[in-house]
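K.L.:
Below you'll find the structure I mean.
Where a number appears in this text, it was derived from the coordinates with a stated rule and is not lab data. Worth saying up front: this structure is predicted, and the values here are computed from it rather than measured. In this analysis, Cβ positions are derived from the backbone assuming ideal geometry, glycine residues included, and neighbour counts consider all displayed protein chains.
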Amino acid sequence: MTAEHERHRPLIVNNGHVDTRRLQLLLALSRLGSMRAVAETYRLTTSTVSQQIAALAKETGAQLIEPEGRRVRLTPAGRRLADHAVTILAAIDSARLDLDPDAEPSGVVRIGGFATGIRVSLLPIVADLAATYPEVELVISEYEPVEAFSLLNDDSIDLALTYEYNLAPASPGPLLETEALWSITWGLGVPVDFPDGPVDLSTYAGYTWIVNSRNTADETAVRTLAALAGFAPRIAHEIDSLDLVEELIVAGFGVGLLPLGRPTSAGVKVLPMPDPKPVLTAYAVTRRGRAIWPPLRVILDRMRPPRDAALPRAQWPRPEAEH
């Protein structure tokens, strides 16, 4: 029996049979949204895809699709089975790779994450991955953690690169699992002519604060720090780009959190904060059980810090600023 035949051999589940090829088609339908798109992807006719989904419904004893205008959509049972298909197919791929040492990981891995996570954790390994595993294709998109968690839960991406502050823990949800990759301490970004030394945060009670616009962790950390110093911060500006945060600081629009050790532009400096210092930790996040899928596993293996070692303190990726 060939490896390809073994991969698509029916699974015996509760004295019945579920064909893994049909699971693949159902999963593709959940992602692509139409029979036609699935047919084009797998080079089949739309009729064949429809027949295979119908056969899968018969195998499972559940209605998997329902009409929606001129198209179809997955029923709640169909969506649940598609969720299970992710884990089942990943396990089969992993077993196939373990049993066939010559088999190469292959597939499209959809990655979504915050910009610095992509720069620090992903870009340094891209060239090696392409050379070692040419059949693994990466599709990369930029998202803030809240967006990435939602996309993972919907199975719209395979891997999320996210972050949280120690003062504002994230809540990925029960369907997701996380692995810490690196961390960095943050300080207070202020105009360069402000006094040096550790920050007495209470002296900034009257200042306007700048926070992130697409994720709440930054604002939560600022509000926590301010509360510990005895005041409620006045937050007026919500900015994603740290470069733009610096420009607002220089222009006198306020102060905000910035990473320590990151070269700043002219006119800005970053002061160390009192305890509890804000620490950002970056994570690789996947759907539970999905990390064993071979194409995803080879990416995670290269991202992970050494076992039993302290979490690396990342250098924030930015060229030295010219002053």
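K.L.:
Label-point separation (nm) for Asn153 and Tyr207, each offset 7 Å from Cα along Cα-to-Cβ?
P.N.:
3.6 nm
K.L.:
Sticking with this one: Provide the convex hull volume over Cα atoms per residue for the range 121-224, in Å³.
P.N.:
In the range 121-224, the Cα hull volume divided by residue count equals 154 Å³.
K.L.:
Restricting to Cα pairs below 8 Å that are 6+ residues apart, what does the relative contact order work out to for the chain? Please round to a whole percent. Intermediate values should be presented prior to the final figure.
P.N.:
Numbers: 548 pairs, mean separation 64.3, N = 323.
Here the relative contact order equals 20 percent.
K.L.:
How far apart, in nm, are two points set 7 Å out from the Cα along the Cα-to-Cβ line at Leu300 and at His237?
P.N.:
4.0 nm
K.L.:
Now, a different point. Using the Cα centre as the reference, give the magnitude of the dipole from point charges on the C-beta atoms of the range 207-298 (Lys, Arg: +1; Asp, Glu: -1; all else neutral), rounded to the nearest 20 debye. Before the final figure, lay out each step's value.
P.N.:
Details: 10 positive and 8 negative charges, 118 e Å.
For the range 207-298, the charge dipole is close to 560 debye.
K.L.:
Where does each of Glu219, Glu104, Glu164 land when they are ranked from fewest to most other beta-carbon atoms within 10 angstrom?
P.N.:
By the 10 Å Cβ count, ascending: Glu104, Glu219, Glu164.
K.L.:
Given 20 °C and 1.002 mPa s, how large is the Stokes-Einstein diffusion coefficient of the range 185-278 in µm²/s, with Rh as the Kirkwood radius over Cα pairs?
P.N.:
Answer, rounded: 165 µm²/s.
K.L.:
May I ask you to give the average projected area over all directions of the convex hull of the Cα atoms of the range 48-91, in nm² rounded to one decimal?
P.N.:
For the range 48-91, the mean projected area of the Cα convex hull comes to 3.4 nm².
K.L.:
Taking 0.36 nm per intervening residue step and subtracting the Cα-Cα distance, what contour gain separates Lys277 from Asn166 on full extension?
P.N.:
Roughly 39.1 nm would be gained on extension.
K.L.:
Between the range 238-291 and the range 133-209, what's the alpha-carbon centroid distance in Å?
P.N.:
If we compute the Cα centre of each part, the gap is 9 Å.
K.L.:
Which residue fluctuates most in the GNM of the chain (Cα springs below 10 Å): Ala284, Ala180, Ala232?
P.N.:
Taking springs between Cα atoms under 10 Å, the residue moving most is Ala232.
K.L.:
Loop only by DSSP, 12 or fewer other Cβ within 10 Å of the Cβ. Give me the trypsin sites (Lys or Arg not before Pro) in the range 168-239 that pass, ordered by residue number.
P.N.:
none
K.L.:
Let me ask something additional. In 10 Å bins starting at zero, report the fraction of Cα pairs in the chain per bin as a rounded %.
P.N.:
Going out from 0 Å in 10 Å bins, the chain shows 5, 22, 26, 19, 14, 10, 4, 0 percent.
K.L.:
Could I have the simple spin-label model distance between Ala77 and Leu228, label points 7 Å from Cα toward Cβ, reported in nm to one decimal?
P.N.:
Going from the Ala77 label point to the Leu228 one covers 5.3 nm.
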